[in-house]
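First up is the structure itself, then whatever we jot down about it.
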Amino acid sequence: MANRKINTGELDFDAIKQNLIDFLKGQSEFTDYDFQGSGLSVILDVLSYNTHYNGLYNNMAVNEAFLDTASKRNSVVSLAKNLGYIPSSVKSSLAEVNLVIQGVPEANITTYLHIPKYSQFTASVIGVGGSKNYTFYTIEDYLATEASGSYTFTGVKIKEGVYSSISYEVLDGQRFVIPNSNCDTETITVTVKDSTLSTDVQEYVNAKTVNKQLVDLDATDKIYFLKEIEDGKYEIEFGNGVIGSKPANGNLVSIQYLISSKADANGAKTFSYDGSTLGGSSYVQTISVASGGAEAEDIEIIRYNAPKLFAAQSRCVTVSDYSSMILNNFSGNIQSINVWGGEDNIVSFTPYDSTGSLYGATYTGPIYGRVFISIKPTDSDYLTSAEKNYIKNTILKPRNVIGVTPELVDAEFIDVIANITAYYNPKVTTLSANDLRLQVLTAITNYNTTELNRFDNILRISKMQSVVDASNTAIVGNITTLLLRKEMIPDFGNNRNYVLYLMNPFSTDVNTALNNNSVSSTGFYILNSTELHYFDDEYLGANSSGKNIGNLRMYKLSMGEKVIVRTFANAVDYDNGVITITDLTITGIDSNTSGLTITVKPESYDIASVNNQIVRLSMQDLVIDVIQDSLSLDNTGGGTYHKFTSSRS
């Protein structure tokens, strides 16, 4: 009986061809046919290639139809659009300055001086190729009142970019495309007027920035919708006359925008004003240096953010809603973000108010009615005051639930001081110990960049040691010890209480008599003393509740010996990793140090973070020693000649 079945489960070319051969061999007409050495083999090749190509094409086409599997940016963007998600464009560097125009001749003085949107500033940034000038522009209008021949503009926000514009006449089927993929969409200004000669200009704003729900928009709302199209460009879409105003045919649409240099202008801090000074001179004071310049969202970020923003439905209720909303509107300069409710707050910090200034109060423990947000920027450790203000007032305020106050807090860093001793087998490598050390350093640097430096993360010692071992096949093992260091920010000259949360248990292996302490510090000065003082600890044991506690001691050195100046009773909580310092006035720090830091020996080498804390390796303090492994040298004494390394900090 003839075989009428073909196996359709294969997509590989050779398997497809063999399936066709097996099918033909099952037909009586081809019982004794040689399929390898005949012209029919060529025909089978063509059929197999055609089937293989179709299978490959269909597989790729199906993959591009789903957000989880799509690999082309156009596909990911299109699928995200169905969820109401518009990817963030490239970001221009943002700076904030004060501008003073002074010495204006009396004949030129006016009551007010107006600086229009897109007024130009210039800054220079020193990079790898030398110094390069960048242009910055105001992103809104500013007005100042004359005072003694001077005009002072405060809080002027300027963005980097090259000014560009394009105009379209409204016609049926006309598309309004911004022809540059490096356009920072936050700098777009769209105006419409009846004709070229008309002086009645109406500005349209991005519907995303309007404090209205979509269903509340009507034909009188001058709004536009923005979407990403092919090649990373953006297109403007107007309303249809029901949802948003619809420009009439023959109207002239003008689109102004800045073409961004992305992160290249980050760090610019000295600016000059290029606009009119009315015959006087200008002085620019920098409030916050340029920051925030970044690439457009890549497809992995879009894939991650789109479903979460859809779930948030453009309102901030849960902590994930806050994360999604900020990532969607500010993602270009975010390396890591953490949001937690006030009821889950543990550590102590001082948040910022809506102007970027510090509140007077410091929060410790649960704070109800608040949600806390901590962001680690891509290009620095902290957000600028302008960035904090933008997130809180522009992104969150229109979407925030009544009765819940969002607070932005700076990240706090737990720096890990690592000491690595790596053993290697010289018989399997021609590299020197120093060459191997550089390879270990590269591996640890990558580990610090990719695995650490983010919120809610854990440094796992086993993972870190495996990274060292995997840096070269000659590495046979390593001993790694860790210390933790946290910066203490003194309020110089003022009597203060300080609470340091490291949130990792301290080692109780303390022998004060032998100067074997878990806690140590850099030097500092106190009120009414010209001598440097330091901290260490005195372990007392477990209290009646079973908690391991100890005293914090403040001492100075006399002839190399410690002289205890003051003891802070029960100030060290070893189990929870907390140090409490009360009623202390610090007046200065050791001039040989960059700050006042506390160093502790951890009980465990798995180091965790909570709330606004980030665990990271202190690369400048990293010690790497690479030595030969004696057991790899055929020593008959076994471990007799092994060089032991302590596994304790």
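General remarks:
- Relative contact order for the chain: 12 percent, from Cα pairs under 8 Å spaced at least 6 residues apart, divided by residue count.
- Spin-label pair ASP22-THR318: with each label point 7 Å from Cα along the Cα-Cβ axis, the two points sit 4.9 nm from one another.
- Cα centroid separation - the range 153-175 against the range 539-583, whole Å: 61 Å
- Cα gyration tensor shape of the range 234-318, rounded if a/c is under 1.5, else prolate or oblate by comparing a/b with b/c: oblate
- Protein accessible area in the chain, 1.4 Å probe - carbon and sulfur %: 51 percent
- Out-of-range pairs (alpha-carbon distance over 26 Å; input LYS117/LYS388; LYS212/LYS269; LYS72/LYS246; LYS91/LYS308): LYS212/LYS269; LYS72/LYS246
- Distant-in-sequence amide contacts of TYR204, defined by a placed amide H-H separation under 5 Å and a gap of 5 or more residues or a different chain, comprise VAL190, THR191, VAL192.
- Over 46 Å [Cα-Cα, the chain], rounded percent: 40 percent
- Taking amide H as placed 1.01 Å from N in the peptide plane, THR405 has its amide H under 5 Å from the amide H of ARG370, VAL371, each at least 5 places away in sequence or on another chain.
- Restricting attention to the chain, close to 85% of DSSP beta bridges with both partner residues there are antiparallel.
- For the chain, the mean residue ellipticity at 222 nm estimated from helices alone is -5000 deg cm²/dmol, where every DSSP H run of n ≥ 4 contributes -39500 (n - 2.57) and the total is divided by all residues, rounded to the nearest 500.
- Accessible surface area normalised per residue over the range 376-447 is 41 Å², counting heavy atoms of protein chains with a 1.4 Å rolling probe.
- For the range 183-222, averaging the sequence separation of C-alpha pairs within contact (under 8 Å, six or more residues apart) and dividing by the residue count gives a relative contact order of 30 percent.
- Sequence-distant contacts, meaning Cα pairs under 8 Å at least 6 residues apart, place the relative contact order of the range 86-210 at 27 percent.
- Inter-probe distance in nm under a simple model that places probes 7 Å from Cα toward Cβ, at GLU230 and SER38: 4.7 nm
- Under the span-like rule (Cα at least 30 Å along the axis, Kyte-Doolittle mean at least -0.5), DSSP H helices of the chain: 39-63
- Looking at the range 243-310, the trypsin sites (Lys or Arg not before Pro) that sit in a DSSP loop and have at most 16 other Cβ atoms within 10 Å of their own Cβ are LYS269.
- The Cα-based radius of gyration of the range 462-513, divided by its Kirkwood radius, gives an Rg/Rh of 1.20.
The values are calculated or read from the model by the stated rules, or taken from the named source; none is laboratory data. Just so it is clear, the structure is predicted and the values come from calculations on it, not from any experiment. Please note: Cβ atoms are built from the backbone with ideal geometry, for glycine as well, and neighbour counts cover all protein chains shown. Note: areas computed on protein heavy atoms with side chains; ligands, DNA, RNA excluded. Shrake-Rupley method; radii C 1.70, N 1.55, O 1.52, S 1.80 Å.
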